[in-house]
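The values are calculated or read from the model by the stated rules, or taken from the named source; none is laboratory data. Quick caveat: nothing in here was measured; it's all calculated off a predicted structure. Cβ placement follows ideal geometry from the backbone for every residue including glycine, while neighbour counts extend to all protein chains displayed. Each accessible area value is taken on the protein alone, full model and side chains, heavy atoms only, with ligands, DNA and RNA left out. Shrake-Rupley method; radii C 1.70, N 1.55, O 1.52, S 1.80 Å.
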Amino acid sequence: MIIAIDDTDSREGMCTTYLCAALMDELKEYGNVIGSPILIRLNPTIPYKTRGNASTAFEIKTENPEKVMDHVISRVEELAELQSEMTNPGIVFIPDNDQERVKEELRNFFLKAVREVLEIEDAKNLIAELGLPSKGLKNGRGLIGALAACGAMLNPGWDYTYEYLAYRERNAWGTPREVDEESVRKADLATYPDTWDTVDCANDLVVCVPHAGDPVLFGIRGNSVDVVTKTSQMIESEPVERYMVYRTDQGTDLHLIPADRIADIRDMHSYTIEVTVATEPETIRGGHTIFSIQDEHGDEMDCAAYEPTKNFREVVRKFIPGDRVVFSGSVKNSTLNIEKMKIVSLEEQYESVNPTCTDCGKRMKSAGKGQGYRCKKCGTSADSAEIVKVGRDLETGTYEVPPCARRHLAMPLVRCQDKKKEKEGDGKIFPSR
Ligand code: ATP
């Protein structure tokens, strides 16, 4: 039987993945937990999310499905942060006999939950139509994520990575985390690029340790169970109550919808689109860099590298109108928030300079407002400035935001590099590290 749970946490505490790990342990008395649990990230623009819009699922072989379901429901009722307005748990079970029958429909639901905006009724209707055992608490919004996680579990064909999550002992929840940063940096150096987003080198930040009141101590992301486990074991920290390695859609770009034109783009979705830079980037109060992009049909929209993207903004600020770029990112308030970008071609840039003297070869000086230019030494003159081509301090190729600003679902360029090594014509890749 597949068991999927979502929406059990609040900003103050708990974490759905912790509940999943704890249940996997507790349910051993009723059967055998098989395979890796999954941690899927769904549409990153959904406003109801607590942090990263995660959902979880695992599979158990049991002779006692009724007992297992009762146990899961009562533990979620007990441990979920039900007092928080934002917490609306959902649990979905897929009995062994039903798995083949519901597989295809739930695959589609999973992909929709990653890319589209769904209603609670969409999940409730599909659960009723398929006749699946489930439990929604409060408004039951978590049924969306739980049903999506069942779809992911039943259709393992998606691209995936792994994350090792270490959890804190209960008495430490809500207190500052004790993780030795030096050991984290060493562990990271030992296994990067097979692990990523442990340390943000450019911004000198350890990014694998969260700061909220939840039970996660640290999370290590990487290519295989072995490498995330090895890296985690090198980290010195306060006592770890338990850990779990999840198979996940993190770092896969599964959320990106290819778009041909700006008119097709909607808020709360994430896209990849090739466009032309239409205006000079401007940095507004708060440090956000904003400019306009245009497609072949003449439609325009705003594009942004927000302040949290830190040093990435320095690249974006070098754009000039006419640059051709494929942008990837989520759209909110009609603005595309850049996650990564492939610069396809750069517009030629010119600047006006004082003309050179035909006799001595030195630059002439202005002869006064509206009076052209003159060489004081030779007496030569010119009416207008010279227009010269200047080199662009920017290269074509693919760039990304640093780890401290990365969306869970966004594929790090070190991963793209690996996957696309043999593909011709992909151009140069500039991983943030
Ligand atoms: P954490 O990362 O700490 O586990 P969270 O960020 O995952 O927290 P949730 O508490 O799970 O946040 O809240 C997200 C809510 O949004 C869930 O109820 C989930 O069912 C719902 N949801 C997920 N994907 C979609 C979607 N595509 N459309 C509408 N609702 C969605």
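Going by the conditions given, is Asp159 more than 12 Å from the ligand (Cβ to nearest atom), open to solvent by 20 Å² or more (accessible area, probe 1.4 Å), under 26 Å from the mean Cα position of the chain (by Cα) and among the charged types (D, E, K, R)?
Taking the combined requirement at face value, the residue satisfies it.
Go through (1) within 16 Å of the ligand (Cβ to nearest atom); (2) open to solvent by less than 50 Å² (accessible area, probe 1.4 Å); (3) over 28 Å from Thr252 (Cβ atoms); (4) free of Cβ contacts under 8 Å to residues at least 60 places away in the same chain one by one and return the number of the condition Thr50 breaks.
Condition (3) is where Thr50 drops out.
Keeping to the range 227-251, report how many residues are among the small types (Gly, Ala, Ser) and surrounded by fewer than 24 Cβ atoms within 10 Å (Cβ to Cβ).
Matching residues across the range 227-251 total 1.
Search the range 53-63 for residues being open to solvent by 10 Å² or more (accessible area, probe 1.4 Å) and among the polar types (S, T, N, Q), and hand back the single one that is farthest from the ligand (Cβ to nearest atom).
Keep residues of the range 53-63 that are open to solvent by 10 Å² or more (accessible area, probe 1.4 Å), which gives 53-54, 59, 61-63.
From the residues that got through so far, the ones that are among the polar types (S, T, N, Q) too are 53, 62.
On the way: Asn53: 4, Thr62: 25 Å.
The extreme case among them is Thr62.
Give the range 79-102 a look and list any residue that's at pLDDT 95 or above, crowded, with 16+ Cβ neighbours inside 10 Å and more than 10 Å from the ligand (Cβ to nearest atom), or say none.
Those that are at pLDDT 95 or above, crowded, with 16+ Cβ neighbours inside 10 Å and more than 10 Å from the ligand (Cβ to nearest atom): Ile91, Val92, Phe93, Ile94, Asp98, Gln99, Val102.
Name the pairs: first residue in the range 383-402 and more than 30 Å from Asp197 (Cβ to Cβ) and open to solvent by less than 60 Å² (accessible area, probe 1.4 Å), second residue part of a strand (DSSP E or B) and among the acidic types (Asp, Glu), Cβ to Cβ under 8 Å, at least 6 apart or on different chains?
Val388/Glu351; Val390/Glu351
Specify the residue that is nearest to the ligand (Cβ to nearest atom); the eligible residues are those in the range 103-117 that are aliphatic (A, V, I, L, M) and surrounded by fewer than 21 Cβ atoms within 10 Å (Cβ to Cβ). Even if it seems obvious, please write down each step before you answer.
Just the residues of the range 103-117 that are aliphatic (A, V, I, L, M), to begin with: 106, 111, 113-114, 117.
Still in the list and also surrounded by fewer than 21 Cβ atoms within 10 Å (Cβ to Cβ): 111, 117.
Working: Leu111: 10, Val117: 5 Å.
Per the stated criteria, the residue is Val117.
Checking Tyr350 against (1) without any contact (Cβ under 8 Å) to a residue 40 or more places away in the chain; (2) open to solvent by 60 Å² or more (accessible area, probe 1.4 Å), only one condition comes out false. Which one?
(1)
Within the set of pairs 6+ apart or on separate chains, which have a first residue in the range 293-314 that is in the same structural domain as Lys340 (by TED's automatic domain parsing), a second that is of a type in the set (D, E, K, R), and C-beta atoms under 6 Å apart?
Within 6 Å, the pairs are Gln294/Glu300; Asp295/Arg261; His297/Arg261; Ala305/Arg313.
Can you name every residue in the range 30-71 that is under 26 Å from Val209 (Cα atoms) and touching a helix residue (DSSP H, G or I) at 6+ places or on another chain (Cβ under 7 Å)?
Scanning the range 30-71 gives Pro37, Ile38, Leu39, Ile40, Leu42, Asn43, Ala54, Ser55, Thr56, Ala57, Phe58.
From the list Val316, Val331, Val277, Val326, which one is under 28 Å from Ile46 (Cβ atoms) and touching a Cys at 6+ places or on another chain (Cβ under 9 Å)?
Checking each option against the conditions leaves just Val316.
Could you please find all residues in the range 266-318 being in contact with a Phe, Trp or Tyr (Cβ under 6 Å, 6 or more places away or on another chain) and open to solvent by 20 Å² or more (accessible area, probe 1.4 Å)?
Thr279, Pro281, His288, Val315
So which residues in the range 319-347 are open to solvent by 40 Å² or more (accessible area, probe 1.4 Å) and in a strand (DSSP E or B)?
Arg324, Lys332, Asn337, Lys342, Val344, Ser345
Within the range 118-135, can you find the residues that are open to solvent by less than 50 Å² (accessible area, probe 1.4 Å) and either among the hydrophobic types (A, V, I, L, M, F, W, C) or within 10 Å of the ligand (Cβ to nearest atom) (or both)?
If the condition is that a residue be open to solvent by less than 50 Å² (accessible area, probe 1.4 Å) and either among the hydrophobic types (A, V, I, L, M, F, W, C) or within 10 Å of the ligand (Cβ to nearest atom) (or both), then Leu118, Ile120, Ala123, Leu126, Ile127, Leu130, Leu132 are the ones that fit.
If we scan the range 191-198, do we find a residue that is open to solvent by less than 10 Å² (accessible area, probe 1.4 Å), in contact with a Cys (Cβ under 9 Å, 6 or more places away or on another chain) and farther than 20 Å from Ile38 by Cβ?
The answer is yes; a qualifying residue exists.
For the range 1-47, which residues satisfy the criterion of being among the basic types (Lys, Arg) and either within 14 Å of the ligand (Cβ to nearest atom) or crowded, with 23+ Cβ neighbours inside 10 Å (or both)?
Scanning the range 1-47 gives Arg11, Arg41.
Checking the conditions here, which among Ala166, Ala146 is assigned to a helix (DSSP H, G or I) and open to solvent by less than 60 Å² (accessible area, probe 1.4 Å)?
Ala146
Any residue at all in the range 173-180 that's over 29 Å from Leu79 (Cα atoms), away from the ligand (no atom under 13 Å from the Cβ) and touching a residue at least 40 places away in the same chain (Cβ under 8 Å)? Step through it out loud before you land on a result.
Within the range 173-180, the first condition is being over 29 Å from Leu79 (Cα atoms), and the residues that meet it are 180.
Imposing the further condition that a residue be away from the ligand (no atom under 13 Å from the Cβ) reduces the set to 180.
If we keep only those that are touching a residue at least 40 places away in the same chain (Cβ under 8 Å) as well, we get 180.
Within the range 173-180 (the criterion being over 29 Å from Leu79 (Cα atoms), away from the ligand (no atom under 13 Å from the Cβ) and touching a residue at least 40 places away in the same chain (Cβ under 8 Å)), the answer is yes, since at least one residue qualifies.
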